[in-house]
Amino acid sequence: MADNDTQRQLPLHGLRVLDATHIVAGPFCSLILADMGAEVIKIERPLSGDLVRGRGPFIKNEKGDEVSSRYLGINRNKKSVTLDLRNTKCKEAFENLVRNSDILIDNWGPGAFERLGLGYKHLNKINPRLIYASITGYGDEETRRGPYSSWPANNLSIQGMSGWMEMTGDPDGAPQSVGDNVGDSVPGVWTALGIMMALESRNKTGLGQLVDMSMYDCMVSHIVSNMNSYQATKTNPGRSRARLVSAGMPFKAKDGYVVMAGARSEERLRAMWEMIGREDLANDPEYIGRNPDGDFYFHHVIPAIEEWSELLPKWEVAAKLTEIGFSMGVAQTVSDLADCEHLRARHMFVETDDSIGGKFTSLRTPIWLTECEDIDNRTPPILGQNNREILTSLGGLTTSELDFLVSEGAV
């Protein structure tokens with residue numbers, strides 16, 4: 001790693017991003033860009049702002065002030081401007097911002113900016129170098145519209161549509177969602193990658209372009225193993241106990257769960273049975289995986305292991321089985337992760353002010369560029385915090401015009 005005197009600037013230093021997004025998918029994307037050095041300006045609705053500002057859980061201070069933890073977690077290192085894009089003067093200011101920016105991100109749904117007269121074709125005339133990333137549920141570029149393109153979308157609907165829920169959960173129960181909002185954050189990551197590809201194209205051609213991102217496409221791309229399996233077998237993978245054999249086998253410990261993942265050779269299984277005092281099973285073909293069957297594992301193998309594992313802490317169980325050669329994991333809780341020494345050693349926690357007098361810890365963008373400087377993390381902005389700074393410079397408004405728009409509630 002380079003020393004402080006030779007560290008390079010972050011790769012997106014000098015790029016300006018207009019973040020006209022809300023909730024998770026768009027802000028998660030722009031957070032990655034901000035953490036990599038871009039100047040990110042949130043374009044928010046007057047008074048209400050990004051809708052996630054109003055969603056809990058909230059952090060409160062002694063005075064009764066509160067701020068959304070969900071907002072704080074994905075909006076550090078950004079600025080905030082409020083504009084009512086239905087207002088003619090605000091629209092002019094927005095167009096001036098576009099003229100002076102490199103990237104625009106929008107996730108307000110199919111055709112939302114087009115209806116405001118601010119679609120890609122119009123903005124491209126203002127700034128031919130503009131990279132306009134549009135995140136919608138099912139894609140909105142006119143040559144690639146499908147039967148779902150006009151549908152609204154969110155995390156759970158996309159998890160269901162993209163096959164994740166049908167493959168998750170107990171085989172005897174209903175489809176289940178993945179615990180966090182991956183239906184938003186995964187498209188956010190792919191959009192950041194798409195923007196970087198468009199930037200590289202612009203470096204070669206001098207021209208921007210529309211980056212048409214579909215949450216559906218992004219999530220389907222992550223069922224790649226199951227899709228490949230289907231192409232070979234024409235059988236739906238679905239929810240099945242066969243995964244206990246082929247993928248991961250969770251079982252109980254004294255204080256939680258562990259998971260035995262990946263290959264389980266006869267030699268290792270035999271060593272496990274001997275270690276836990278079940279020599280009687282060490283040579284039984286069904287218990288050392290010669291004729292693997294998911295239902296047998298569920299009803300017999302796992303209960304036999306749990307007779308031993310439920311007496312020990314989860315980390316001890318994982319450690320003992322790792323010594324034998326198994327690929328083990330602990331089913332960690334969020335509190336486990338928040339206190340994780342390994343994540344702390346990796347500097348994965350970021351502390352900023354919370355804007356109401358306290359501190360807030362969020363998760364770092366997990367990209368380490370070892371020769372680049374580290375970012376000086378800034379507090380997520382309060383609503384409209386940078387109105388005067390940005391709108392009277394890049395936005396082209398005079399001070400009196402801005403004051404009038406504020407009085408009208410348009411800023």
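Of the set (1) surrounded by 15 or more Cβ atoms within 10 Å (Cβ to Cβ); (2) of a type in the set (Lys, Arg); (3) not assigned by TED's automatic domain parsing to the domain that holds Glu66, all apply to Arg290 but (1).
When Gly358 is tested against (1) buried (at least 17 other Cβ atoms within 10 Å of the Cβ); (2) out of contact with any Asp or Glu (no Cβ under 7 Å at 6 or more places or on another chain); (3) under 23 Å from Leu31 (Cβ atoms), exactly one condition is not met: (1).
If only one of Ser157, Ser185, Ser177, Ser149 is of a type outside the set (D, E, K, R), more than 16 Å from Ser221 (Cβ to Cβ), surrounded by fewer than 20 Cβ atoms within 10 Å (Cβ to Cβ) and in contact with a Phe, Trp or Tyr (Cβ under 6 Å, 6 or more places away or on another chain), which one is it? Talk me through it step by step, then tell me what you get.
Working: Ser157 fails: in contact with a Phe, Trp or Tyr (Cβ under 6 Å, 6 or more places away or on another chain); Ser185 fails: more than 16 Å from Ser221 (Cβ to Cβ); Ser177 fails: in contact with a Phe, Trp or Tyr (Cβ under 6 Å, 6 or more places away or on another chain).
After applying the criteria, what remains is Ser149.
The conditions of being assigned by TED's automatic domain parsing to the domain that holds Met213, over 22 Å from Gly357 (Cα atoms), surrounded by fewer than 18 Cβ atoms within 10 Å (Cβ to Cβ) and of a type in the set (A, V, I, L, M) are met by Leu51.
Kindly evaluate Leu47 against the criterion of being more than 24 Å from Leu123 (Cβ to Cβ), assigned to a loop (DSSP other than H, G, I, E, B), over 20 Å from the mean Cα position of the chain (by Cα) and at pLDDT 95 or above. Answer is yes for this residue.
Condition check ((1) among the acidic types (Asp, Glu); (2) at pLDDT below 90) across all residues:
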position: Asp212; (1), (2): yes, no
position: Asp217; (1), (2): yes, no
position: Val220; (1), (2): no, no
position: Asn226; (1), (2): no, no
position: Lys234; (1), (2): no, no
position: Leu244; (1), (2): no, yes
position: Gly248; (1), (2): no, yes
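Considering (1) more than 18 Å from Asp106 (Cβ to Cβ); (2) in contact (Cβ under 8 Å) with a residue 60 or more places away in the chain; (3) of a type outside the set (Ser, Thr, Tyr); (4) touching a helix residue (DSSP H, G or I) at 6+ places or on another chain (Cβ under 7 Å), the lone condition that Arg70 does not fulfil carries the number (2). When Asp172 is tested against (1) part of a helix (DSSP H, G or I); (2) closer than 29 Å to Ser240 by Cα; (3) not polar (S, T, N, Q), exactly one condition is not met: (1).
The values are calculated or read from the model by the stated rules, or taken from the named source; none is laboratory data. Every value quoted in this text rests on a predicted model; they were computed, and no experiment measured them. Every residue, glycine as well, gets a Cβ built from its backbone with ideal geometry; the counts of neighbours run over all protein chains shown.
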